[in-house]
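The values are calculated or read from the model by the stated rules, or taken from the named source; none is laboratory data. Just so it is clear, the structure is predicted and the values come from calculations on it, not from any experiment. No Cβ is skipped: glycine too gets one built from the backbone with ideal geometry, and neighbour counts run over all protein chains shown. Surface areas here come from the heavy atoms of the whole protein model, side chains and all, with no ligands, DNA or RNA. Shrake-Rupley method; radii C 1.70, N 1.55, O 1.52, S 1.80 Å.
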Amino acid sequence: MNTSSPLLVRKLLIDLSQGFPRHWLAGKAFRTQFFNALSMSFPVGEQDFIDSVREAALALPDGAEHAQLQATIRDFIGQEATHRRVHTLYNAELEKQGLVNHWQYWAADLIELGRQRGVSPMSRLAVTAAFEHYTAVLADLTLRHPEIMQGAEPMLQTLWRWHAVEETEHKAVAFDLYRTLEGSYKARVRWFLFAMLRFTVMATKQTVNNLWHDRVLFKPSTWLDAASFFFGRHGLVWLSTRPLLSYLKRDFHPWQHDNRELAEQWLAANAAQYSIVRGLKGA
């Protein structure tokens, strides 16, 4: 089984301060506000991923046996920190458009509640591995099905596909750490079901809130687009359900679905859109 390989930390060469259209995804309000909602979760969420992986990694024994995983964890942290910074800038533009980011507070409150209740480092790592699988599935769909981003404003299309590429590259890091530390299968599944529920509820609430502030919540066209996006011929529900549930298999590993070729194709075709700030190609 292929496991995590060395990662590159990249800087995305776009300027979000110039702003972008309110309905940047093909002029469609629902799709735009769904992706905007996802962005709103990332700064707090990805910082928690960094913290949980860093804390759990302290339990790794010293020695050459785990040197590669330790190095990949450092690069994972670098990639996630870059995502956090970019989406902080993205979210600042959303605030200028009149949207209100509640998800960041819901996530922060949930993280704090876990700390108060003494959730263990291994449990926090299991939650991170679960969310990393969730985001990896969405990333794969974004790269595999161009129609999802068809008609998007070019700068944001670049942003979301760059993010999808790096989520693909590091999708096994938290899982490999959990497995190396001998985390249990039952706990992995239990925390995955928890993560799926929380993600679905918070994504729905934030998307609805975005549509309310966008003043399109009650427009029939909004919900026709939602129905098409989730349940149409290439609807997100049909495309994502089976890959998401594959996590429940006892012998699951993220690289059983090896889609690195999709990431490599995007990187080769868009080399002018990013620079490498750490790591070497072919390392």
_For a test of the definition: using alpha carbon positions, the gyration tensor, and the 1.5 limit on a/c, classify the stretch 9-130 as rounded, prolate or oblate._
oblate
*Would you please calculate the Kirkwood hydrodynamic radius of the stretch 83-212 over all C-alpha pairs and express it in Å, rounded to one decimal?*
16.4 Å
_Counting just the Cα atoms, what span does the chain cover along each of its three principal axes? Round to the nearest Å and put the largest first._
58, 43, 34
_Surface/4 of the Cα convex hull for the stretch 174-221, nm²_ = 4.8 nm²
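Given a 1.4 Å probe and every protein chain left where it sits, what share in percent of the accessible area of the chain is carbon and sulfur?
Solvent-exposed carbon and sulfur of the chain make up 57 percent of the total.
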*Pull out a ≥ b ≥ c, the square roots of the eigenvalues of the alpha-carbon gyration tensor of the stretch 136-283, then state rounded if a/c is under 1.5, prolate if not and a/b is larger than b/c, and oblate in the remaining case.*
oblate
_Can you tell me, using C-alpha contacts under 8 Å and at least 6 residues apart, the relative contact order of the chain as a whole percent?_
35 percent
*Other-chain or far-sequence residues with amide H under 5 Å of Tyr274's (modelled H)*: Leu13
*Given Ala269, Ala195, Gly235, which one lies farthest toward the positive end of the charge dipole of the stretch 180-283, if we put +1 on the Cβ of every Lys and Arg and -1 on the Cβ of every Asp and Glu?*
Ala195
*Once phi is turned into θ = phi - 60°, what whole-Hz ³J(HN,Hα) does the Karplus curve with 6.51, -1.76 and 1.60 give for every residue of the stretch 158-169, x standing for Gly and Pro?*
4, 4, 5, 6, 4, 4, 4, 4, 6, 5, 5, 4
*Reachable lysines from Lys11, Cα under 30 Å, same-chain residues fewer than 8 places away excluded?*
Lys28, Lys96, Lys171, Lys281
*Determine the per residue accessible area of the chain with all protein chains present and a 1.4 angstrom probe, expressed in square angstrom.*
48 Å²
*Taking a ≥ b ≥ c as the square roots of the eigenvalues of the Cα gyration tensor of the stretch 109-163, is the shape rounded (a/c under 1.5), prolate (a/b larger than b/c) or oblate?*
prolate
_Rh (Kirkwood; distinct C-alpha pairs) - the stretch 194-279, Å_ = 16.7 Å
*asked:* From the phi angles alone, apply the Karplus equation (6.51, -1.76, 1.60; θ = phi - 60°) to the stretch 78-94 and give each ³J(HN,Hα) in whole Hz, x where the residue is Gly or Pro.
replied: x, 5, 5, 5, 5, 4, 4, 5, 5, 6, 5, 5, 4, 5, 4, 5, 5
_I'd like the orientation of helix 236-245 relative to the chain: the angle between its Cα long axis and the longest Cα principal axis, in ° from 0 to 90, rounded to 10._
10 degrees
*Rounded to the nearest 10 degrees, what's the angle between the helix 29-57 long axis and the longest principal axis of the chain, both from Cα atoms, 0 to 90?*
20 degrees
